[in-house]
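For reference, the structure discussed in these notes is given below.
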Amino acid sequence: MMMGELWQQMGSVMATIVFVYTVFEKFFPPNLRDRVQSYTHKLTSHFYPYIQITFPEFTGERLKRSEAYTCIQTYLSANSSHTAKRLKAEVVRDSQKPLVLSMDDNEEITDDFNGVKVWWAASKTSTNSQPFSFSYYPPPDAKRYYKLTFHKSHRDLITLSYIHYVLQEGKEIASKNRQLKLYTNNPSSGWYGYKSTKWSHVIFEHPASFETLAMEEKKKEEIIKDLEKFKGGKEYYAKIGKAWKRGYLLYGPPGTGKSTMIAAMANFMNYDLYDLELTAVKDNTELRKLLIETPSKSIIVIEDIDCSLDLTGQRKKKKKEKEEDEDQKDPMKRAQEEENKGSKVTLSGLLNFIDGIWSACGGERIIIFTTNFIDKLDPALIRRGRMDKHIELSYCGFEAFKVLAKNYLDVETHALFPVIERKLLETDMTPADVAENLMPKSVDEGVEDCLLNLIKALEIAKEEEAVKKAQEEARKKEEEDEKEVKDKEVKNNEKASEDVKENGFH
Ligand SMILES: Nc1ncnc2c1ncn2[C@@H]1O[C@H](COP(=O)(O)OP(=O)(O)OP(=O)(O)O)[C@@H](O)[C@H]1O
Ligand SMILES: [Mg+2]
């Protein structure tokens, strides 16, 4: 007999029992009722050897969607779409698949775990308590739940292992199908300031990956391994007593692939990106709130950290000195300055953001800073522990060029490659410029035309570099000559005054 039919029969039996129970409750004293109840339980469990566990969709007072329900739904959708006969199709937000199929209400499927058979049923109970009442409003939504049924002899296996397995699997499938998101912080002033959430997002669709990223193979591998180690390092971080987070500092000239690498990292890790615009953050308190609102499995990015705030000298200025400065200003001027300054985030606020006790909330977070000028940054900001790994992205070398040639022209070798290799050694050109020159400018341009374009561009860049160098040298020489003349003058003046002293002339 099918489980569904069995339950239908059980339903009518239950209705009779409920009726008898109501009569029984009315006419029998409480102590007798308790005794009869315990016997009934024993009797039913003897004849009905199955255990049922329900997982309601909503739990708690705040009607939060149950995480377990969502995981089970994902797990069953992946497993039921080929076994269940009635399926429900839904467009699910943030999922890569346009349509997600899951089992329909009152549908039932079986699953197998270590040779043990279990039954899953999707059910719902109507919450409308007055079925015949007339109302202008539609009846409230039904309460959905999943019901798991299994034989009582497998109680331990199911409750200790199987349910855990289903939840884990569900989570993993969801994270694989998840659409990545790119968040940015809302400005704290104006209408956005009243928004309950501090971050707004769009779907992240950057196609960058480590395969298409142009850089030395060895360096790339090292970064990939570092990321992999971090991802699977939950126990390790717990063992060494460190918060599960890692900081990367990406530095190098403009157009060397810092932003591209961030996108590649997000795609590789399957983490959401939180692009933090520091100048829009009011103060340190708000910075902390933003941090708390980022969940685990996220990458927090602060681009061009050297330009975001004046973070270079603030920590060095002593508090006392600062107070003295402030006291001397008149209050009106001070208030205006505060207003103009916009963001009051300080270096110490940022240091605490990265490394303070709050930064440990949530875990599994990566923080990335990018800068064009690493020397401008306060050493405290980029010390290991805050920025654990410093990655330099530099001008295009031959290895990086080969990746770009493969991406843009689909070639791995060419007779012109050795020429380009030599020219790249002589000239500094960013991967962004190399990529631009490699891109065919019309449908008629073939591989060779593009490579020749690049060679030409490298030659022009070399000439420009030589001119710049000559100009720089000429400027330096001019400065030195000027200095020499000045030094001579000073020396002559000194000599003259010494003569005056010695000879006693006035
Ligand atoms: N290493 C690279 N690999 C692949 N493409 C690259 C690389 N570097 C630059 N590019 C190309 O050049 C463009 C600019 O690169 P990107 O924005 O990553 O530079 P950046 O280092 O972030 O520059 P900035 O310092 O100005 O922000 C990208 O769109 C990308 O196509
Ligand atoms: Mg950039």
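Key figures for this structure:
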| item | result |
| --- | --- |
| 24 Å Cα-Cα threshold exceeded, pairs from 242/297; 219/456; 218/469; 85/117; 344/376 | 219/456; 218/469 |
| Amide N of the stretch 406-426 lying under 20 Å from the label point, which is placed 7 angstrom from the Cα of residue 462 along Cα→Cβ | 414-426 |
| Alpha-carbon Debye profile of the stretch 411-506, log10 I(q)/I(0) at 0.11, 0.15, 0.20, 0.25 Å⁻¹ | -0.54, -0.73, -0.97, -1.22 |
| Long-range HN-HN contacts of residue 300 with modeled amide H, under 5 Å | 274, 366, 367, 368 |
| Residues in the stretch 380-399 reached by a label modelled at residue 421 [backbone nitrogen below 18 Å; 7 Å Cα→Cβ] | 396-399 |
| Amide H contacts of residue 66 (H built 1.01 Å from N, under 5 Å, at least 5 apart or other chain) | 58, 59 |
| Built amide H within the under 5 Å cut-off of residue 430, gap 5+ | 396 |
| Lys, Arg +1 and Asp, Glu -1 on Cβ, resulting dipole of the stretch 411-506 about Cα centre, debye, nearest 20 | 220 debye |
| Cα centroid separation, the stretch 245-304 to the stretch 417-432 (Å) | 31 Å |
| Cβ charges +1 (Lys, Arg) and -1 (Asp, Glu), total dipole of the stretch 216-317, debye | 580 debye |
| Per-residue ³J(HN,Hα) for the stretch 382-391, Karplus 6.51 cos²θ - 1.76 cosθ + 1.60, θ = phi - 60°, Hz, x for Gly and Pro | 10, 5, 4, x, 9, 10, 5, 10, 9, 10 |
| Cβ-based exposure ranking for 455, 302, in which fewest neighbours within 10 Å come first | 455, 302 |
| Net charge over other residues, Cβ less than 15 angstrom from the Cβ of residue 157 (K, R count +1; D, E count -1) | 0 |
| Fewest-first sequence of 230, 268 by Cβ atoms within 10 Å of each Cβ | 268, 230 |
| Within the stretch 349-389, backbone nitrogen closer than 17 Å to the virtual label 7 Å beyond the Cα of residue 231 toward Cβ | 364-367 |
| Estimated vicinal HN-Hα couplings, Hz - the stretch 461-468 in sequence order (Karplus 6.51, -1.76, 1.60; Gly, Pro = x) | 4, 5, 4, 4, 4, 5, 4, 4 |
| Per-residue HN-Hα couplings for the stretch 147-152 [Karplus 6.51, -1.76, 1.60; θ = phi - 60°; Hz; x = Gly/Pro] | 10, 9, 10, 8, 6, 5 |
| Neighbour-count ranking [beta-carbon atoms within 10 angstrom, fewest first] of 485, 36 | 485, 36 |
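We did not get these values from a lab; they are worked out from the coordinates using the rules stated. Only a predicted model underlies this, so the values are computations on that prediction, with no experimental measurement involved. Methodologically, a virtual Cβ is constructed for each residue, glycine included, from the backbone with ideal geometry; neighbour enumeration extends over all protein chains shown.
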